[in-house]
Structures are given as C-alpha cells and as structure tokens.
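Trainee: Below is the structure I would like to discuss, written out as structure tokens.
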Amino acid sequence: MAAIAALGETPAAASASHPSGMQARRRRRLNLFRYVVFTVFGLFFLLPLLAMARFSLEGAKLGTWSLTAWREITSFQSDGVPPLASSIEITLELAVITCVIVLALLVPTMIWIRLRVQWLARTMEVLCLLPLTIPAIVLVVGLGPIYNRIQHYSVSSLMLFWIYVILALPYAYRALAAGLSAIDVTTLSEAARSLGASWFTVIVRVIAPNMREAILNALLLTWALVLGEFTIAYLLLYNNLQEELFSISRNTPNAGVIFSTSFAALMFAFVLLLILSFVGRRRGRG
Amino acid sequence: MTSSPVTRTQDGAARTAVEVRMEGLSRHYGPVVALDRLDLTLHPGELIALLGPSGCGKTTTLRLLAGLEDADSGYISVGGKDITRVSAAKRDMGMVFQAYSLFPHMTVRQNVAFGLRLRRVDAAKRDRRALEMLDLVGLSTQADRYPHQISGGQQQRVALARALAIEPQVLLLDEPLSALDAKVRAQLRDEIRRIQLEVGITTLFVTHDQEEALAIADRVGVMREGHLEQLAPPIEVYSRPATSFVAEFVGLSNRLSGTVRGGDVTVRGCTLPLVERDTPDGEVVALVRPEAVSLASLTSPQSGPLVGTVIAVTFLGATSRVTVDLGDASIMAQLQTSDATELSAGSRVTLTIRPDPVLVSGSSAAADSPAEAEA
C-alpha cells in the first residue's frame, strides 16, 4: 500500500488499472493465437499446393526444373479427347449459363414467395435443398435416360447445364435466402407500391439491388460448383475441364503431368473466383 | 373543416384537396374481425388521427385505404371516385411507414425522386422537385447521403418528403413516430402538422399515442374491436367522451362508485352532471378526470368536502400527479406543480370534485381506483 501511495496512485486507481492490464495481456495472447492458427492453416493449404507446383516443374534429373509436364498438357492429343482450350471454353460457357439460369429462376421466385405466397416458402426450401440429399450417382441414374435421348441428337456438353442448375440450387438458395432475410422486403415493397411501382419494378429496382451481396455469393457458389464438377460429366460421358484434365493425367506416363493438371485445375477455379469476387464487391461498393 | 384547401402542384396548377369516404368496410383474418363495417369520412384537407389499443383495427383501416390489403366488403372513394378495387400502385396516395422504409441502395435525393421517376417526370424537373421537398422537411443539405448515413428522425422526414413528392391526393401516416425518441418525436410531430397544413392534403394518421393524436389532429377517431367508438375534435374526445371506453382510453380517469338520480350522479357527497342525462337511476361507476379534482390543506378556506391522506406525488414537469388515500379508496388529482410543492406523502388534504359532466359505466365492481389509460 505504501508503495502504491508513494507512486501517487490510490488503491482504487490501482484496482482500476488492474483489469486494463489483464485485458492487454489477454489481447496479446489472443493475437498470438490468431497468428498461430492462421500460420498453421495457411501451411496446411499452401504446402500441398506448393509441393504440387514444385513436382509439376521437376526436370528429368532430380532437383532440376522443367516445363515439360505443362507443355504436355497443352499439347496433349488423344482420340476422343478434345483439345484443352475447347474444354476450358465449354466449362466457362457452362458456368455462365448455369449462373444465369439459377439466378433468373431463384431471385424473382424467392422474392415473389416472400411477398405474396409465404405459405409456399417451406415447400420452396425443401425443393431447393433436395439435391443435397441425392448422391451424384443417383442423379445420373435418374437423369440417364433423358441424357441418352439428348445425346441421340449429338448436342454438345453444354447440355450439362440442366443438371448443374439442379446441383447448384441448394447453395444458391441458401445464399439468396440469407440476403433476403437481411432486408425488410415487405416494408420496402409496400413503400414502392404506394409510390406507384408495379410488382416487376419492385423486384427489379427495389428488392434485387438490395440483395447484391447475396446474389454475388450465389453466383460465386454456382460458378465454383460448375468449375469443380467432375463426377456427373464423367458418368454421363461428357467433356468438361475436370474430365479433360483427368483424361490427360490418365493417358500419360509422366507423373509430373498428373500434378500439373491437378494444380492447373485448382488454380483455374481459384483465380476465376477471386476475380469474380473482387470485381463484384468493388462494383458493389461503388 | 368542410372547405376544400387548394394547393399548388409542381406545374403551378391548382389542386383541390379531396374527400375520402369509407363505407361499411370490413376485414377478417380467419375468425378474427379486424374491421367491422367501418364508416369514416375525411373532409378535404383534414387530418384525422386514428387512436386505439393494439388490434383495434386502426392500421387495417389505413392499409385498406392504401390498397395494401383488400377489404372483405365495403366501399372506398377518394374525391368521389370508387377506388375499392384499384391496386395500391394506382391509388395516388403517399404513405409513411412505422418501420424505416427508405430504399437503402438509393441516396436521399433518389429516394424522394423515386415516385416521380416512375411517373416519367423528366430528370431536371424531378431533381428540382426532390430538392423542394427536402427543403420542406429541412433536409436539402443531406440530399446525397444514403439512408444509413442519417438518423432515424431524418429518415422519417425523408420518407415524408418522398410521400409528398408525388403530390398524392391523400397522405397516410402509419405510426411514423413510434421508432423515434421523445424529443425528436415531438419535433417531427409538429413538423408533420405544419407541412400538412402548408400542403393542405387530406391525411389519415394512425397512432397508439393519445398525446400525439390529440396534439396533431383536426379530429380524433378512437377505435375499439374494429369499429369507431368516437370521432370528434380532440377537445371533445377528451372532455366529452362518447363512451366509457373512450373516457378510460384517452387520458386518465378515476373510477369512483356513485349513485345516479335524475340525470346527476352523486359521488362521495359531490353531485356531478352526467354526459348522458338519460342514464337510468342506480349504482354506477363514475369516470372522473384527475384535473377535475382539486386539493387544499385542512386549514385552507377552500377546503372541500372529502378528506384524505397523500400517498404519492409524481412530478411531471409543469404538472404533478397526486394520489390521495380516502380510507376505503384512492383518488388521483392533477395539479399545477406550483400548487403541489407543499404536498408530500402523509399530508392530510381536503378534496373537491369540479362539477364537469362525467360518464358512467354500469358496473361498480372495479370502482374507486385511479385507472391508467393504456396507449
């Protein structure tokens, strides 16, 4: 006590400063914990990627560098396998078509259900989430006859969009539902209606712009799903990028090619999603 | 309130305020009767406040008038034109909501101009009109801000400007002040009234706050269980309530047991005239306003016939509320604070009841207590 008094600090002030010291220590510990977690998880994700990249650049002799495996992907030729560029093109087209259809289907329907037929909301949710519970193989078996008929007319792999729309529904629905619940849809629509807006105007010019983040999230999830989809394309004998990369890695004796294709597939999806996310959110802020 | 105020439109053309008529309006939600054959007429340029407890049908009335809900039966006309089956978008009514209803992705100016944009008013005129309206509500300096950058009171002002920008025939206000704090609320209430008088627009104002209704309206409609109990100027609703429900709902009332005889009621030795002179003789509960009760000290020359002990003195600002124990009952008096300064709990006082006309209710079961009105 004497020491405290000598420092010109009252006991009350000392006890008051005590919690702030504890808080500072706790904050430091928390920050340290954050850095450790961030580093561990960063390494967990990055190390395999870096190892994969390094292995894909391995030369003929151990410890040398070479682009042979990457050249082999781009110049790969085999019967029944289209060029890589064509697969990339088809996959991108599929992603665009699927995104457009999913958003065009879900956004107005969900807003309309929220505004006018709320009793249908539960049914809509169940329907949209249903694909999550159905394994890909069951979907393929179920849709097989339809796709057999489609293939009969020799149409391109773009026809995969039907099934991709179904697959993307749960993810897009969840993202949009979260956005929709974050705004007071009823009041906004009533305000717009009282000012003379038609239902179309309410949806397009009042509600949808306030769901921009949710729409972007739905878009990203759908995009990611299409870019990463392999099973259904493979089982239905269609070619997309994933299936093409799998074919290349299967038809080459060079192990480096397998790693370069895997790395390429991951990077392709990652970079595209990053661009989409960055562009969308920057526009959102603007 | 029978004259038709003339206002100027954005083109400078004269525009006459319209009459709104609702006849036999009913609305049910399943077995619940929200509105039961309501008849209500708003005179041109008049502001009517609908007041009542939760679930009395006041908001339903406003929503039916706005076209946001459909009536089960009945008729609505504006300016003599039947709009019962006209959609909300085509009713030409401006509405301010209880919840903040500005479009979050638009600036204040864009919000105000939204209705004009839908009416294809050209950009320059639209902008000028939006600024005029913002000026009217004192927010022209906030035109380029987004709703989240302004306060709740300012948001409601913008909502009012947006509703008025389209020059609606009728203005509908659905508890627009209920989300605001007391000071802003009082300011905005006065501002709404000023603007309504300036624009001269027929207005329906829904509120559960009796002070708000009495302060702002030309006439107050007190609603209960889907019908109007009374529609009259504020002073009349307060001083000559049509029913015991109105008397109890608007303001505070003491419920005192008494005996009716020959059109008067005798309450604790004081004879008071009845509002309804034809009330049959018998035991009743008289509803006496606290401000009709005056107090004096035992030694005062103005001492009254009743004697009691002060239980509590509640300071309300300019006035104070004093609760007095009469032995077998308690009674509430509302005095000027200057008259109540010498009173404290335990003081002995005499009471006088001013012979204002009072209402009675049939049963005396719950009598002899100060009944606090529920808003």
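Trainee: So which residue, out of B:P147, B:P233, B:P305, gets the largest mean-square fluctuation from a GNM of chain B using Cα contacts under 10 Å as springs?
Mentor: The residue with the greatest mean-square fluctuation here is B:P305.
Trainee: Here's something else I'd like to know. At R0 = 30 Å, how high is the FRET efficiency between B:Q336 and B:T271 if r is their beta carbon distance? Nearest 0.05 is fine. Walk me through the numbers on the way to the answer.
Mentor: Values: r = 26 Å, r/R0 = 0.86.
So, using R0 = 30 Å, E works out to roughly 0.70.
Trainee: Give me the inter-chain shielding for B:97-103: mean count of other chain Cβ atoms within 10 Å, whole number please.
Mentor: Numbers: counts 7, 1, 6, 4, 9, 3, 10.
The per-residue average across the peptide is 6.
Trainee: Then there's this: Given N residues in region A:48-178, what is its alpha carbon radius of gyration divided by 2.2 N^0.38 Å? Don't jump to the answer; show the numbers that get you there.
Mentor: Details: Rg = 21.0 Å, N = 131, 2.2 N^0.38 = 14.0 Å.
For region A:48-178, the normalised Cα radius of gyration is 1.50.
Trainee: On to the next question. Comparing A:R25, A:R116, A:R174, which has the greatest mean-square fluctuation in the GNM of chain A with Cα pairs linked when under 10 Å apart?
Mentor: In the Gaussian network model the winner is A:R25.
Trainee: Would you list B:L272, A:L276, B:L256 from fewest to most Cβ contacts within 10 Å? Could you put the intermediate results ahead of the total?
Mentor: On the way: B:L272 20, A:L276 17, B:L256 27.
Fewest-to-most Cβ neighbours within 10 Å comes out as A:L276, B:L272, B:L256.
Trainee: Ratio of Rg to Rh for region B:217-350, alpha carbon only, Kirkwood?
Mentor: Details: Rg = 16.4 Å, Rh = 16.3 Å.
Here the Rg-to-Rh quotient is 1.01.
Trainee: Sorted by packing (mean other beta-carbon atoms within 10 Å per residue), highest first, where do B:350-356, A:269-275 land?
Mentor: Numbers: B:350-356: 17.1, A:269-275: 13.9.
Taking the mean over residues of other Cβ atoms within 10 Å, the ranking is B:350-356, A:269-275.
Trainee: Can you work out ³J(HN,Hα) from phi for every residue in region B:58-72, in order, using Karplus 6.51 cos²θ - 1.76 cosθ + 1.60 and θ = phi - 60°, giving whole Hz and x for Gly and Pro?
Mentor: Rounded to whole hertz, the list is 5, 5, 4, 4, 5, 5, 5, 5, 6, x, 7, 9, 9, 6, 6.
Trainee: With the cut-off at 31 Å, report for chain B the share of all Cα pairs above it, as a whole percent. Each step should come with its number before you reach the end.
Mentor: Details: 32215 of 70125 pairs.
Counting pairs separated by more than 31 Å, the tail of P(r) holds 46 percent.
Trainee: Follow-up. Calculate how large, on average over all directions, the projected area of the Cα convex hull of the protein assembly as shown is; give the answer in nm² to one decimal. Before the final figure, lay out the partial values.
Mentor: On the way: hull surface 201.9 nm².
With every direction weighted equally, the projected area is 50.5 nm².
Trainee: When only C-alpha pairs under 8 Å and at least 6 residues apart count, what is the relative contact order of chain B, in percent?
Mentor: Numbers: 846 pairs, mean separation 59.1, N = 375.
It rounds to 16 percent for chain B.
Trainee: Sort B:M95, B:M106 by Cβ crowding within 10 Å, fewest neighbours at the top.
Mentor: Numbers: B:M95 29, B:M106 19.
Result, fewest neighbours first: B:M106, B:M95.
Trainee: Please list, in chain and number order, the residues 5+ apart from B:L274 or on another chain whose amide H is under 5 Å from its amide H, with Hs placed from the backbone.
Mentor: Excluding prolines and chain starts, which carry no amide H, the hits are B:V265, B:V358.
Trainee: If you don't mind, another one. Would you mind computing the Rg to Rh ratio of region B:59-173 from its alpha-carbon coordinates, Kirkwood style for Rh?
Mentor: Numbers: Rg = 14.9 Å, Rh = 14.8 Å.
Reported Rg/Rh, Kirkwood definition of Rh: 1.01.
Trainee: What is the P(r) of chain A, as percent of Cα-Cα pairs per 5 Å bin from 0?
Mentor: 1, 5, 9, 10, 11, 11, 11, 9, 8, 6, 5, 4, 3, 2, 2, 1, 1, 0, 0, 0
Trainee: Using a 10 Å cut-off around each Cβ, can you sort B:Y100, B:Y75 from fewest to most neighbouring Cβ atoms? Mind showing how you got there, number by number?
Mentor: Details: B:Y100 19, B:Y75 14.
Arranged by neighbour count, lowest to highest, B:Y100, B:Y75 become B:Y75, B:Y100.
Trainee: I'd like the Kirkwood hydrodynamic radius of region B:177-241, using the inverse of the mean 1/r over distinct C-alpha pairs, in Å.
Mentor: Working: mean 1/r = 0.0786 Å⁻¹.
Taking the inverse mean of 1/r over all distinct Cα pairs, region B:177-241 comes out at 12.7 Å.
Trainee: B:S347's amide H: which non-local residues (gap 5+, or another chain) put their own amide H closer than 5 Å, with H modeled 1.01 Å from N in plane and none for Pro or chain starts?
Mentor: Hits under the 5 Å cutoff: B:V310.
Trainee: If you fit an axis through the alpha-carbon atoms of helix B:108-118 and take the longest principal axis of the Cα set of chain B, what angle between them do you get, 0 to 90°, nearest 10?
Mentor: Compared with the principal axis, the helix lies near 60 degrees.
Trainee: Over all directions, how big on average is the projection of the convex hull of the alpha-carbon atoms in region B:117-229, in square nanometres?
Mentor: On the way: hull surface 33.0 nm².
Orientation-averaged projected area of the Cα hull: 8.3 nm².
Trainee: Would you mind listing how long region A:173-256 runs along its three principal axes, going by Cα atoms, in whole Å with the largest first?
Mentor: 69, 20, 16
Trainee: A further question on this structure: What whole-number value in cubic angstrom gives the convex hull volume per residue for the C-alpha atoms of region B:281-325? Intermediate results must be reported in sequence, preceding the final value.
Mentor: Working: hull volume 5.5 nm³, N = 45.
Spelled out: Cα convex hull of region B:281-325, divided by residues, is 122 Å³.
Trainee: Report, by chain and number, residues whose modeled amide H sits under 5 Å from the one on B:H227, excluding near sequence neighbours (fewer than 5 apart, same chain).
Mentor: Under 5 Å from the amide H of B:H227 lie the amide H atoms of B:D36, each far enough along the sequence or on another chain.
Every number in this text was worked out from the coordinates using simple rules, so none of it is lab data. This structure is a prediction, so every number in the text was calculated from the model and none was measured. Cβ atoms come from the backbone with ideal geometry, glycine included; neighbour counts cover every protein chain shown.
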